[in-house]
Amino acid sequence: MISLLNNHPAFLGLLVQSPLLCNGFISSKPLSLPTSELRNPESATLFASSIQKDSITTLLALDSDVDEDEIVETVDRAPCFDGICESTPVDGDVAAILSDTIAYDQDNIQDEAYSGESHAGEAMLRLGTMTGPTVWSEFGRLSQEYDVANLGQGFPDWLPPDFAVEALVSATIDSTKQSPHQYTRTAGHPNLVKQLARRYSKHMHRTIDPMNEVSVTVGASQALYLSLQTLVKPGDEVILFEPFFDLYQNQIKLAGGTPVYVPLTFVPYSENNEEVTGGEWILEPEKLEQAISPKTRAIILNSPHNPTGKVFNVSEMQHIADSVIAAGPQCVVISDEVYKYIVHSSPPKDELLGVGNSCPGHVHFASLPGMWDRTITVSSAGKTFSATGWQVGWCIGPSNLISPIHQLLPYVQFCASTVIQEALARTLPKADEPYEGYDSYYEYLNSKYRRKRDLLGKGLKEAGFAIPDYDRTPGGGFFIFARITPELRRALPAERMGPEYTKNPAAPGGEARLDWALCQWMAEEKGVLCIPSSPFFSREKAMEGASDEFIRVAFCKTDETIESAAKALMGVRSNEALIGSALVEANAE
């Protein structure tokens with residue numbers, strides 16, 4: 001970073017004109033560094049170093065006018081990541097919202113007779129009990145309160161590739177007439193939509209119109225939100241494959257729709273009751289067929305899949321395509337493909353024949369026969385380029401599905417960041433070039449994640465978890481859905497399954513089950529943070545125990561973090577020996 005700022009003083013100038021965020025602290029006024037000093041390498045180095053140091057005094061040294069009282073600790077209070085969220089309703093407010101929601105649910109959404117007084121808006125009523133604390137707020141709190149190796153949140157903890165950072169810097173300091181510092185086209189920056197259309201024309205085996213069949217959004221989450229808002233009306237049903245990324249469920253509710261859950265079936269490698277093994281998650285066609293109805297407006301497909309890492313095979317995708325046709329002309333697929341460049345264990349080649357190879361191991365659902373006209377493809381740059389903070393996503397599809405999104409966008413925000421869109425437009429062609437000894441950046445990325453997957457997998461197996469065998473099971477994304485074995489159940493202290501710990505408003509139904517209890521205990525006492533699986537299931541399935549056996553573990557972390565986590569995980573298994581010794585001693589007495 002220091003060399004970047006030394007080489008690009010104009011970029012440094014932009015930083016010093018804004019409040020400076022530094023390792024959780026922020027100055028409430030801009031730092032004053034004279035313009036003449038911007039070109040002084042020594043001053044630039046000092047300034048850049050201050051960004052990287054965990055030191056308030058360094059900040060104060062740079063600007064004597066900044067009082068220590070003006071350096072305020074900033075903790076992200078957003079419900080998705082951390083714990084003490086100021087926007088989370090207090091108990092009384094939660095009760096009021098629940099009361100409103102119950103009254104709301106008792107009447108039809110369109111029933112004008114509903115007249116109960118409510119201070120909550122329509123969106124809050126539709127979310128209902130989901131407006132309280134969440135798994136992300138709870139485990140975000142644990143990550144702050146305890147010294148843990150954090151394998152919970154799904155974002156890389158390293159910098160984007162050099163060519164992406166350089167593209168961002170060059171876009172930022174661009175002073176030409178096309179300088180990207182003003183609004184751009186609401187539906188997508190022209191340079192970016194042209195790049196995306198060029199790429200997806202190869203993926204989809206058709207010519208994509210950049211102006212009418214591409215829409216740029218603030219991340220893939222907004223792409224999903226806008227897709228659902230333009231498709232769904234009250235009474236419509238949207239099918240989710242369970243387990244699912246929890247964002248889907250609430251976005252469906254916000255659109256007024258009803259989630260319909262189609263469970264994926266876990267098939268262990270061994271049916272031997274004495275041995276708990278890894279396995280595969282499969283889609284059983286008859287379960288999907290049973291869920292399809294004339295009310296089905298959309299099916300959300302996520303492949304590679306969060307949280308399981310499943311890569312849907314062509315046969316399963318064809319069953320989904322058949323179900324779309326069976327449901328009727330109103331039914332479309334929203335295909336979330338943010339992990340498409342991270343297929344670290346590819347399906348057999350014979351399962352990919354005839355669908356192209358523009359993303360090795362991945363099948364674009366819209367490329368299947370007859371599915372282009374019935375699919376909105378969603379993706380983003382964040383996972384691929386280790387730049388989740390860039391927040392650029394997109395929708396690709398036929399104009400009749402993309403045009404409503406174009407129409408809605410101006411009422412959501414005028415445009416995604418022009419600078420970031422321009423940076424991404426400059427980044428994409430570079431990713432196809434040789435990188436770090438590989439034929440392309442994408443090959444390098446897959447190799448990197450494959451190595452990290454194996455490093456974490458080794459630690460999980462040694463700790464007693466059962467995980468997929470990636471020599472026989474295709475896998476993608478950067479999560480391992482690890483299975484809890486009997487020895488790990490025995491290692492968990494008995495009191496952790498008592499009411500003192502299991503009553504938790506952030507857990508599904510307010511009850512923390514085995515997966516949650518184990519993850520909380522590992523964070524508080526063993527120094528490693530993972531995410532329980534229950535939030536990825538419907539409340540009913542979680543309460544039935546469908547999620548009890550699994551936790552989600554992220555390997556999009558530095559080797560140091562993974563190695564630290566592996567060491568901490570060994571302490572989990574050793575707890576079983578301690579409990580066993582205590583039982584032996586107790587019996588002897």
Review point. Hey, what do the phi angles of the range 372-386 turn into as Karplus ³J(HN,Hα) couplings, whole Hz, using 6.51/-1.76/1.60 and θ = phi - 60°, x for Gly and Pro?
Key: 4, 6, 10, 9, 9, 8, 10, 7, 7, 8, x, 6, 5, 9, 6
Review point. What are the residues whose amide H is under 5 Å from the amide H of I299, where those residues sit 5 or more places off or on another chain and H is modelled from the backbone?
Key: I239, V332, V333, I334
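Can you give the extra length, in nm with one decimal, that the chain gains between S270 and E433 once fully stretched, where that is 0.36 nm per residue apart less the Cα-Cα distance? Can you show the working numbers first?
Numbers: separation 163, 0.36 × 163 = 58.68 nm, distance 4.32 nm.
Using 0.36 nm per residue and subtracting the Cα-Cα distance, I get 54.4 nm.
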Check your understanding: Nearest 0.05, what FRET efficiency do I173 and Q318 give at R0 = 56 Å with Cβ-Cβ as r?
Key -> 0.70
Study note, to complete from the structure: Once all protein chains are kept in place, W516 shows an accessible area at probe 1.4 Å, nearest 10 Å², of 0
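With a cap of 15 neighbouring Cβ atoms within 10 Å, and only residues DSSP puts in a loop, list the trypsin sites (Lys or Arg not before Pro) found in the range 413-483.
On the way: sites: R426, K430, K448, R450, R451, K452, R453, K458, K461, R472, R483; in loops: R472.
Of the trypsin sites (Lys or Arg not before Pro), the ones in loops of the range 413-483 whose Cβ has at most 15 other Cβ atoms within 10 Å are R472.
When DSSP assigns beta bridges and you keep just the ones with both residues in the range 258-348, what percent turn out antiparallel, to the nearest 5? Display every interim value, and only then the final one.
On the way: 4 of 9 bridges.
In the range 258-348, approximately 45 percent of DSSP beta bridges are antiparallel ones.
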Review point. Rg to Rh for the range 173-249: what is it, with Cα atoms only and Rh by Kirkwood?
Key: 1.08
Practice item. Give, as ranges by residue number, the residues of the range 252-283 whose backbone N falls under 17 Å from the point 7 Å along Cα→Cβ of E122. Key: 252-258
Practice item. Mind jotting down the distance between the C-alpha centroids of the range 392-454 and the range 127-158, whole Å? Key: 26
Review point. How big is the gap, in Å, between the Cα center of the range 309-343 and the Cα center of the range 479-517?
Key: 33
Revision key, fill the gap. Amide H neighbours of T258 at under 5 Å, excluding residues fewer than 5 places away on the same chain, with H built from the backbone geometry, are G235, D236, E237, V238
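Just to check, using Stokes-Einstein with a Kirkwood Rh over alpha carbon pairs, what's the diffusion coefficient of the range 239-337 at 25 °C and 0.890 mPa s in µm²/s? Please report the intermediate quantities before stating the final value.
On the way: Rh = 14.3 Å.
The Stokes-Einstein estimate is 171 µm²/s.
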Exercise for review: Leaving ligands, DNA and RNA out of it, work out the accessible area of E433 with a 1.4 Å probe and give it in Å² to the nearest 10.
Suggested key: 90
**Study point:** Where H119, H205, H344 fall by accessible area, highest first, once all protein chains stay in place (1.4 Å)
**Key:** H119, H205, H344
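Convex hull over the Cα atoms of the range 264-409, averaged projected area in nm²? Provide the component values of the computation, followed by the final result.
Values: hull surface 43.5 nm².
Mean orientational projected area (the range 264-409, Cα hull): 10.9 nm².
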Check your understanding: With θ set to phi - 60° and the Karplus curve 6.51 cos²θ - 1.76 cosθ + 1.60, what are the ³J(HN,Hα) couplings of the range 407-424 in order, to the nearest whole Hz, using x for Gly and Pro?
Key -> 5, 7, 3, x, 8, 9, 7, 5, 6, 5, 3, 5, 4, 5, 4, 5, 4, 5
Practice item. In whole Hz, with x marking every Gly and Pro, tabulate ³J(HN,Hα) for the range 515-520 from phi via Karplus 6.51 cos²θ - 1.76 cosθ + 1.60, θ = phi - 60°. Key: 4, 5, 4, 5, 5, 5
Review point. Under Stokes-Einstein, with the Kirkwood radius over Cα pairs standing in for Rh, what whole-number D in µm²/s applies to the range 124-278 at 4 °C and 1.567 mPa s?
Key: 63
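Once you compute Rg and the Kirkwood Rh from C-alpha atoms, what is the Rg to Rh ratio for the range 390-499? Intermediate values should be presented prior to the final figure.
Numbers: Rg = 22.0 Å, Rh = 18.9 Å.
Across the range 390-499, the Cα-based Rg/Rh ratio is 1.16.
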Check your understanding: In square angstrom, rounded to the nearest 10, how much accessible surface does D454 have for a 1.4 Å probe?
Key -> 80
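The values are calculated or read from the model by the stated rules, or taken from the named source; none is laboratory data. Quantities reported herein were computed from a predicted structural model and do not represent experimental measurements. Because the Cβ atoms are built from the backbone with ideal geometry, glycine has one as well, and the counts that use them run over all protein chains shown. Surface areas here come from the heavy atoms of the whole protein model, side chains and all, with no ligands, DNA or RNA. Shrake-Rupley method; radii C 1.70, N 1.55, O 1.52, S 1.80 Å.
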